[in-house]
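The values are calculated or read from the model by the stated rules, or taken from the named source; none is laboratory data. In this text the structure is predicted, and so the values were computed from the model without any measurement. No Cβ is skipped: glycine too gets one built from the backbone with ideal geometry, and neighbour counts run over all protein chains shown.
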Amino acid sequence: MTPSLQPRDLATINLFKRRTVLIWMILALSMVGLIVRLVYLQVVTSPDLLEKARRQQMFTLRPFIPRRTITDRKGVVLALDRPVFTLFAHPHLYKEKPEAIAEKLAPILRRPADKLLSVLTRDTTSTQVEYWLSEENADRIFNLRLDGLDLIQQRHRLYPQQDLAAELLGYVNVDHRGQAGIELSQEKLLERTDQAPSVAQDGNGKLIPNRIPAGMLQSDRTSLQMTIDSRIQRTARQILKQQMVKFGAKRGSVIVMDARDGGLLSLVTEPTYDPNRYYESDVKLFKNWAVSDLYEPGSTFKPLNVAIALEAGAIQPDTVFNDEGALTIGGWPVANFDYEQAGAVGSLSISQILERSSNVGMVHIVQRMKPSVYYGWLERIGLGDMSGIDLPAETSSTLKPQEQFIEYVIEPATASFGQGFSLTPIQMVQLQGILASGGKLLTPHVVKGLINDEGEEYFQPKLPTPRQVISPATAQRVLEMMTNVVEKGTGLPARIPGYRIAGKTGTAQKASTTGGGYINAKITSFVGIFPSKEPRYVVLAVIDEPIGADAFGSTVAAPIVKTVIEDIIVSEGIPPSHPEEVISKIPILPEPTAAPSPSPQDVKPSPNTSPSTAPTPPRDRT
């Protein structure tokens, strides 16, 4: 007989069943919660979690990323980046006495230990001890294993040639950003932005070797190559300094351009600065005035006017003009420099007008053209525009408004001998390049391109297609006339025996910077195109405000161009075109030769006052 369950036993059983159901319910709800949570984590928040995991597991390497090195056309380094280190001290982390730390650092930093101790014991959490430490010294400090010292790597731009090409290179500031020169204009080419790879790291923060990109350590080895030749640049600067000191000049510039493609072999301005210590220099020196400042070229522009007249059909190479020595244009006197001594010159050919740098002859040439036609040619060769050089802060040339140019007859007259309009020295080189390149308007430039370690071209900037401005025949005729200027005219001081140089002198009265006429100062210049047949180089020297009664284009600027061309002849090994002129032996009793006399003033001084309807004509000298 089965015993019956007591009420107490039934209550116990029911309680057990309820507890079992409750447990299963709790387990079921937990399972559902886990499933919901799993779905939430893997579906809803998956992108965020993946990003968090990536940030924890991946590390972005930021190695030393230098700006590209800058070299000249022959590989001479002009600018490069090098890693430097700044040493910081954290006094609260020292485990050795500050005196001991100072004694260990003193020989490395080459500073007295007591001076270092005063820095190391400053009441601060962090202090800068030294900056611009070399890698070698930074390694020596690191190997001391001193707690409380910290080395921070930085970049430093070094210009090993110092002031050799400062006006071209510019400099970088403390943020490593270009502030002048090609450091500014070529910022995108010089900066490298693709060398910060992300690599995997383990839980302790150590990099996982097999996850490091294979090419991470193979940095971009390309460098920026310039068209500049350091040897020619150095020669030009040395002779420019000498002439400036000799004549007490305010400033000067020498430019050498390749007549084949417009590449500049030299661009020198004085005074200049050392880009390594730019912060010690006058900010005015950071502006390359050969690119940004305007001047009236004077007689060096006369060959271009002859080319315009020939191309326009206004004259022929054998045309002859009567040079009266002086004439009046619109009520203003224009005279040759020697009018008071020589009076009327008489008949002159076009070549003789350039040889004598006759202002009256040039006025007659320009008068053969309608002012509107002449003005159109001035615009066609580029006046009023910029040269397009790849340097910053270029200023466009200026030309009088066409209405004024046509209305006042004095305007074409003054323009005939290179005054009444303004341009920069770099554009003057570009315009002379028209004659040297067979009539083409080239774009002057200093950047050749990017090259790799093997010297192979990696990238080359695209230059505008040269525009044919005048015919090659006209250009060659004018060059022949300019050659006579050097062989027997005002350019004789630039003559080199055995070689033929086409050239032209210029000594112009300076225009007032405040407007309204000219000041009692002059700017001298000389342009040389070498060789005169199949030209390769255009060389321009401009000297601002030389002092002295003998300061003319022939005495100040021509010797500079001669010296630069002589250096080019030696460096390039150019043989003489007329070897019979070269003296092969030293004579026993050398005979003294008379030095060429400087060319005096070309133009009779104009009156100090001018009518309100016409500008004051300038004075031009050869």
So Leu240, is it within 28 Å of Leu354 (Cβ to Cβ) and part of a helix (DSSP H, G or I): yes
Residues of the stretch 243-266 classified as surrounded by fewer than 24 Cβ atoms within 10 Å (Cβ to Cβ), assigned to a strand (DSSP E or B) and in contact with a Lys or Arg (Cβ under 8 Å, 6 or more places away or on another chain), total: 2
Of the residues in the stretch 538-565, those that are under 16 Å from Ser299 (Cβ atoms) and among the polar types (S, T, N, Q) number 2
How many of the residues in the stretch 337-359 are more than 39 Å from the chain's Cα centre (by Cα) and closer than 27 Å to Glu311 by Cα? 5
So which residues in the stretch 295-321 are more than 12 Å from Ala415 (Cα to Cα) and of a type in the set (Asp, Glu)? Glu311, Asp318
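Is there a residue being closer than 18 Å to Gly248 by Cβ, modelled with pLDDT of 95 or more, surrounded by 13 or more Cβ atoms within 10 Å (Cβ to Cβ) and touching a helix residue (DSSP H, G or I) at 6+ places or on another chain (Cβ under 6 Å) anywhere in the stretch 562-585? Explain how you work it out, then say what you get.
Step one: list which residues in the stretch 562-585 are closer than 18 Å to Gly248 by Cβ, which gives none.
So far as the stretch 562-585 goes, no, none of its residues is closer than 18 Å to Gly248 by Cβ, modelled with pLDDT of 95 or more, surrounded by 13 or more Cβ atoms within 10 Å (Cβ to Cβ) and touching a helix residue (DSSP H, G or I) at 6+ places or on another chain (Cβ under 6 Å).
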Restricted to the stretch 269-297 and to residues being part of a loop (DSSP other than H, G, I, E, B) and either over 11 Å from Pro425 (Cα atoms) or without any contact (Cβ under 8 Å) to a residue 24 or more places away in the chain (or both), the residue nearest to the chain's Cα centre (by Cα) is Lys287
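Filter the stretch 493-522 down to residues that are among the small types (Gly, Ala, Ser), part of a strand (DSSP E or B) and at pLDDT below 95 and give me whichever is farthest from Glu566 (Cα to Cα). Walk me through it before giving the result.
In the first step, residues of the stretch 493-522 are kept if they are among the small types (Gly, Ala, Ser); the result is 494, 498, 502-503, 506, 508, 511-512, 515-517, 521.
Subset that is part of a strand (DSSP E or B): 502-503, 506, 508, 511, 521.
Narrowing further to those that are at pLDDT below 95: 506, 508, 511, 521.
Numbers: Gly506: 21, Ala508: 26, Ala511: 33, Ala521: 30 Å.
It comes out as Ala511.
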From Ala326, Ala335, residue being touching a Lys or Arg at 6+ places or on another chain (Cβ under 6 Å), farther than 27 Å from Glu480 by Cβ and either small (Gly, Ala, Ser) or free of Cβ contacts under 8 Å to residues at least 12 places away in the same chain (or both): Ala335
Within the stretch 488-498, restricting attention to residues that are farther than 20 Å from Ser416 by Cα and out of contact with any His (no Cβ under 7 Å at 6 or more places or on another chain), which residue is surrounded by the most Cβ atoms within 10 Å (Cβ to Cβ)? Ala494
Residue set Leu169, Leu158, Leu190; condition touching a helix residue (DSSP H, G or I) at 6+ places or on another chain (Cβ under 9 Å), surrounded by fewer than 19 Cβ atoms within 10 Å (Cβ to Cβ) and not charged (D, E, K, R); output residue Leu158
Hey, does the stretch 149-170 have a residue that's in a helix (DSSP H, G or I) and more than 23 Å from Val447 (Cβ to Cβ)? no
Residues that are at pLDDT below 95 and under 30 Å from Lys188 (Cβ atoms): does the stretch 355-370 have at least one? no
Six or more apart or on different chains, Cβ atoms under 8 Å: show the pairs whose first residue is in the stretch 355-379 and at positive phi and whose second is outside any helix (DSSP H, G or I) and small (Gly, Ala, Ser). Ser357/Gly489; Ser357/Ser599
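Return the only residue of Thr490, Thr474 being in a loop (DSSP other than H, G, I, E, B), at pLDDT 90 or above and polar (S, T, N, Q). Write out each step before concluding.
Numbers: Thr474 fails: in a loop (DSSP other than H, G, I, E, B).
Going through Thr490, Thr474 in turn, just one is in a loop (DSSP other than H, G, I, E, B), at pLDDT 90 or above and polar (S, T, N, Q): Thr490.
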Restricting attention to the stretch 127-180, which residues are among the β-branched types (Val, Ile, Thr) and under 30 Å from Ala236 (Cβ atoms)? Val172
Among what's in the stretch 279-304 and is under 23 Å from Ile350 (Cβ atoms) and of a type in the set (S, T, N, Q), pick the residue that is surrounded by the most Cβ atoms within 10 Å (Cβ to Cβ). Ser299
Tell me yes or no: at least one residue of the stretch 525-536 is surrounded by fewer than 18 Cβ atoms within 10 Å (Cβ to Cβ), farther than 20 Å from Val245 by Cα and of a type in the set (Lys, Arg). yes
Keeping to the stretch 422-463, report how many residues are modelled with pLDDT of 95 or more and in a loop (DSSP other than H, G, I, E, B). 8
If Ala549 passes every condition in (1) closer than 19 Å to Ala508 by Cβ; (2) touching a residue at least 24 places away in the same chain (Cβ under 8 Å); (3) surrounded by fewer than 24 Cβ atoms within 10 Å (Cβ to Cβ) but one, which one does it miss? (2)
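Based on what the data block shows, is Thr483 modelled with pLDDT of 95 or more, closer than 27 Å to Ile519 by Cα, crowded, with 16+ Cβ neighbours inside 10 Å and of a type outside the set (Asp, Glu)? Full working, then the answer.
Working: modelled with pLDDT of 95 or more: yes; closer than 27 Å to Ile519 by Cα: no; crowded, with 16+ Cβ neighbours inside 10 Å: yes; of a type outside the set (Asp, Glu): yes.
In short, no.
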In contact with a helix residue (DSSP H, G or I) (Cβ under 7 Å, 6 or more places away or on another chain) and either farther than 28 Å from Pro401 by Cβ or not aliphatic (A, V, I, L, M) (or both) - does that describe any residue in the stretch 423-432? yes
The stretch 144-179 - residue that is aliphatic (A, V, I, L, M) and modelled with pLDDT under 95 and, of those, nearest to Leu80 (Cα to Cα): Leu158
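Going by the structure shown, is Glu311 within 24 Å of Ala557 (Cα to Cα), of a type in the set (D, E, K, R) and touching a residue at least 40 places away in the same chain (Cβ under 8 Å)?
no
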Of (1) assigned to a helix (DSSP H, G or I); (2) more than 18 Å from Asp139 (Cβ to Cβ); (3) not acidic (Asp, Glu), Ile101 satisfies every one except (2)
